[in-house]
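Visitor: Can you read through this structure? Questions will come right after.
The values are calculated or read from the model by the stated rules, or taken from the named source; none is laboratory data. Please read these numbers as outputs of a predicted model, since none were measured by experiment. Because the Cβ atoms are built from the backbone with ideal geometry, glycine has one as well, and the counts that use them run over all protein chains shown. For accessibility, only protein heavy atoms count, side chains too; no ligands or nucleic acids. Shrake-Rupley method; radii C 1.70, N 1.55, O 1.52, S 1.80 Å.
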Amino acid sequence: MKKELDMNRIPKHIAVIMDGNGRWATERGKDRSYGHQAGVDTVRRITAECARLGVKYLTLYTFSTENWNRPQDEVHALMGLVLTSLEDEIFQKHNVRFRVIGDRSRLSQEVQDKLLATEEHTAGNTTMTMVVALSYSSRWEIKETVKTLAEQVQQGVIHVQDINEDLISKNLQTSFMPDPDLLIRTGGELRVSNYLLWQIAYSELYFCDTYWPDFDEEDLKKAILCYQGRQRRYGKTESQIEREFNESNKQ
């Protein structure tokens, strides 16, 4: 499969909705937390493979703001997994930087401290950035951005006329990275679940039935291969894209 990939067209940023952990465990007669643990193992494998392939940003939907409504024992287990997974040597082994987006104020102080320590410890890593969306939802992010811009207008820092798409993007939590080229959702559901709604406006979407614990390196390459078979037009016509491509190759 790797031989079929165009290594010059690897998506720079892949975002993933890691769905199916609980169902994977339930179908095996196990507690849902067993599925989340298996999902962490998949994170390690996919992170390593993305780094090897040359992906620069990997954003993982780990825990949404809506997930706080789940049973408390499951929430507690998920937070425990966050803490233990941050001990993983994968960050140093594969030169991966760690970043977090989301509402940290809702997390325990222990989790907040561990997240910050891992971010600081990996700040110098340059091969790839793994971004964890934790206590995150896109509507929450957009709401906070609107409030920030409104405060800046009120304080006279900016004028209403200054607000444009670029300014909004610069005030989102994801301002440090480009928008996703490819969004992958595992688990068979066909929705984006309040995830990076602003950022995926022109992302290619890939859905598969495979539960996240079973998603492996070959599944990742299938998603990338599907991405490479598409033409990203950004509202333009096919002939316009082809003309721009030909002109760029002449330069």
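Visitor: In region 151-178, which residues are β-branched (Val, Ile, Thr) and under 20 Å from Ser137 (Cβ atoms)?
Guide: Ile168, Thr174 - these are the residues of region 151-178 that are β-branched (Val, Ile, Thr) and under 20 Å from Ser137 (Cβ atoms).
Visitor: Here is a follow-up. Does any residue in region 134-149 that is on the phi > 0 side of the Ramachandran plot come within less than 7 Å, Cβ to Cβ, of a residue that is of a type in the set (Ser, Thr, Tyr) six or more places away or on a different chain, and which pairs are these?
Guide: These pairs meet every condition: Ser135/Thr65.
Yes/no per residue for (1) closer than 13 Å to Ala15 by Cα; (2) in contact with a helix residue (DSSP H, G or I) (Cβ under 9 Å, 6 or more places away or on another chain):
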residue	(1), (2)
Met130	yes, yes
Glu141	no, no
Leu149	no, yes
Ile168	no, yes
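Visitor: Write out, first by first residue and then by second, each pair whose Cβ atoms fall under 6 Å of each other, whose residues are 6+ apart or on separate chains, and whose first residue, in region 82-99, is closer than 16 Å to Val40 by Cα while the second is among the basic types (Lys, Arg) and open to solvent by 20 Å² or more (accessible area, probe 1.4 Å).
Guide: From residues that are closer than 16 Å to Val40 by Cα, the pairs are Leu83/Lys114; Leu86/Lys114; Ile90/Arg44.
Visitor: Confirm whether Ile90 is modelled with pLDDT under 95 and either over 25 Å from Gln72 (Cα atoms) or open to solvent by 60 Å² or more (accessible area, probe 1.4 Å) (or both).
Guide: yes
Visitor: State yes or no: is Val100 in a strand (DSSP E or B), at pLDDT 95 or above and in contact with a helix residue (DSSP H, G or I) (Cβ under 9 Å, 6 or more places away or on another chain)?
Guide: Yes; evaluated as a whole, the condition is true for this residue.
Visitor: Which numbered condition trips up Ile163, out of (1) under 27 Å from Gln37 (Cα atoms); (2) out of contact with any strand residue (DSSP E or B) (no Cβ under 6 Å at 6 or more places or on another chain); (3) without any contact (Cβ under 8 Å) to a residue 24 or more places away in the chain?
Guide: (1)
Visitor: Follow-up question, since we're still on this one. Does Pro180 meet the test of being closer than 27 Å to Ala38 by Cα, in contact with a His (Cβ under 6 Å, 6 or more places away or on another chain) and either modelled with pLDDT of 95 or more or crowded, with 18+ Cβ neighbours inside 10 Å (or both)?
Guide: Spelling it out, Pro180 is indeed closer than 27 Å to Ala38 by Cα, in contact with a His (Cβ under 6 Å, 6 or more places away or on another chain) and either modelled with pLDDT of 95 or more or crowded, with 18+ Cβ neighbours inside 10 Å (or both).
Visitor: Quick one: is Gly187 in contact with a Ser or Thr (Cβ under 8 Å, 6 or more places away or on another chain) and part of a loop (DSSP other than H, G, I, E, B)?
Guide: Considered against the rule, which asks whether it is in contact with a Ser or Thr (Cβ under 8 Å, 6 or more places away or on another chain) and part of a loop (DSSP other than H, G, I, E, B), Gly187 comes out as yes.
Visitor: How many residues, within region 22-35, are open to solvent by 20 Å² or more (accessible area, probe 1.4 Å) and either in contact (Cβ under 8 Å) with a residue 24 or more places away in the chain or not in a helix (DSSP H, G or I) (or both)?
Guide: 9
Visitor: Another question, if that's okay. Given (1) touching a helix residue (DSSP H, G or I) at 6+ places or on another chain (Cβ under 7 Å); (2) at pLDDT below 95; (3) outside any loop (DSSP other than H, G, I, E, B), where does Leu225 come up short, assuming only one miss?
Guide: With (1) touching a helix residue (DSSP H, G or I) at 6+ places or on another chain (Cβ under 7 Å); (2) at pLDDT below 95; (3) outside any loop (DSSP other than H, G, I, E, B) applied to Leu225, the lone miss is (2).
Visitor: Could you please find all residues in region 48-67 being open to solvent by less than 50 Å² (accessible area, probe 1.4 Å) and not hydroxyl-bearing (Ser, Thr, Tyr)?
Guide: Ala48, Glu49, Cys50, Ala51, Leu53, Gly54, Val55, Leu58, Leu60, Phe63, Asn67
Visitor: I'd like to check something: does region 44-60 contain any residue that is in contact (Cβ under 8 Å) with a residue 12 or more places away in the chain and over 29 Å from Tyr202 (Cα atoms)?
Guide: No, region 44-60 has no match at all.
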